[in-house]
Amino acid sequence: MYKYGFVKRVSSVVAGLFGKTRAKRRLNRDKIRYKGLISTVSETRIPRQKYATKIPVAFCFDARGCKMAAVTIKSLLLASAGRCDYDIYCVINDDVDDKLQDVVRGVLDGTESDIHFVYGNHDFDESSRGKWPVAMWYRLMLPKLVPNVDRIIYADLDIIFFNDLIDIYEYDLGDNVIAAVPTRTNMYINSGFLLMDLKKIRQENIYDVWVQDSKDHDYYNPDQDVLNYTLKGRIAFLPLRYNFQLSHGSRIFKIYSESQLDDLKHNLVVLHYSDYIKPWSNGIRPVFSEYWWDVARKTGLFQE
């Protein structure tokens, strides 16, 4: 357990007593909880020869998510400059027209990465999704939508990248099907950042299992629960640096060791704004929003 965890938990509880709104109280707590956790991130990286092949990465969104997708992709390209390039697959629906596609495509200017727009299918139209848009299911469609890709990295849109994805792309999955970061002591994973063995998923007909399970159960976190329950025992657990979520709260000091938190501080790859307040929100914004805005301004799509 992180040696200062108890102090941070108590101090954050006290800080959270002040503030007129829920968001303000959450911000006050997080300023205490997360202070110093990523303070030295990206200061040094070991020089390396540029990676020989393009790494497949997927993002899924509808029209409302285009500008956020542009920021996330821009952060990945900036973090990987001179180190590797990507084949970027964007799974979209019909409301992402040519003009909106050009908005996202524009962030690749000056790079050697490629972008591919793929339309989601209708296999999950009858699946339970609660309050979530149908685009939530697009990540599970990847085995079918990109049949020529054997391994892919998936990322949510409320993410900023601080490092390239070479190491995670080369990660040895063994007999596992996916890899992700656990968010609970029972090793329940978050689906916001995934390494997926699409070839194995197709060979073992796991896709059909996902479709059926999504119809049979009314899950609280539908796509995430489907992955956790259908792949139990087939999930590799990644270090915290691959999905540092702001929604962790104080339990971050209970779940992760001091070495994991030290690794996060110096080697962060994925910062995930997974809480209900976002960097682009009006009014109160989460801690570390400045990192998102640093990238957003470079896209030319956002002004504070």
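The values are calculated or read from the model by the stated rules, or taken from the named source; none is laboratory data. On a predicted model such as this, the values are computed, not experimentally measured, just so you know. Glycine also receives a Cβ, built like all others from the backbone with ideal geometry; neighbour counts cover every protein chain displayed. Just the protein is used for accessible areas: all its heavy atoms, side chains included, with ligands, DNA and RNA removed. Shrake-Rupley method; radii C 1.70, N 1.55, O 1.52, S 1.80 Å.
Here are a few things to note about the model shown:
- The number of residues in segment 184-212 being out of contact with any Pro (no Cβ under 9 Å at 6 or more places or on another chain) and more than 21 Å from Ala58 (Cβ to Cβ) comes to 5.
- Checklist (1) at pLDDT 95 or above; (2) farther than 27 Å from Cys84 by Cα; (3) open to solvent by less than 30 Å² (accessible area, probe 1.4 Å) applied to Asp164, failing item: (2)
- Per-region count, segment 258-304, residues assigned to a loop (DSSP other than H, G, I, E, B) and on the phi < 0 side of the Ramachandran plot: 20
- Taken residue by residue, segment 153-166 has no member that is of a type outside the set (Lys, Arg) and in contact with an Asp or Glu (Cβ under 8 Å, 6 or more places away or on another chain).
- Of all residues in segment 111-133, those that are within 14 Å of Val226 (Cβ to Cβ) have Cβ atoms under 6 Å from Cβ atoms of residues that are not basic (Lys, Arg), 6 or more apart or on another chain, in Asp123/Val211; Phe124/Trp137; Phe124/Ser214; Ser127/Ser214; Ser128/Asp218; Ser128/Pro222; Arg129/Met136; Arg129/Pro222.
- Under the condition of being polar (S, T, N, Q) and under 30 Å from Asp213 (Cβ atoms), the residues counted in segment 75-131 number 4.
- Residues (at pLDDT below 95 and among the aromatic types (Phe, Trp, Tyr)) located in segment 170-190: Tyr188
- Residues of segment 96-105 that turn out to be surrounded by 11 or more Cβ atoms within 10 Å (Cβ to Cβ) and without any contact (Cβ under 8 Å) to a residue 40 or more places away in the chain, as a count: 6
- Scanning segment 112-136 for residues that are modelled with pLDDT under 95 and among the aromatic types (Phe, Trp, Tyr) returns Phe124, Trp132.
- Test for Tyr119: is it open to solvent by 20 Å² or more (accessible area, probe 1.4 Å), touching a Lys or Arg at 6+ places or on another chain (Cβ under 8 Å) and closer than 17 Å to Tyr89 by Cα: no
- Residue within segment 233-254 that is more than 18 Å from the chain's Cα centre (by Cα) and aliphatic (A, V, I, L, M) present: no
- Within segment 40-90, tally of residues that are open to solvent by 70 Å² or more (accessible area, probe 1.4 Å) and either of a type outside the set (Lys, Arg) or under 19 Å from Leu264 (Cβ atoms) (or both): 9
- Of all residues in segment 141-161, those that are open to solvent by less than 10 Å² (accessible area, probe 1.4 Å) have Cβ atoms under 6 Å from Cβ atoms of residues that are part of a loop (DSSP other than H, G, I, E, B), 6 or more apart or on another chain, in Met141/Gly120; Met141/Asn121; Ile153/Leu165.
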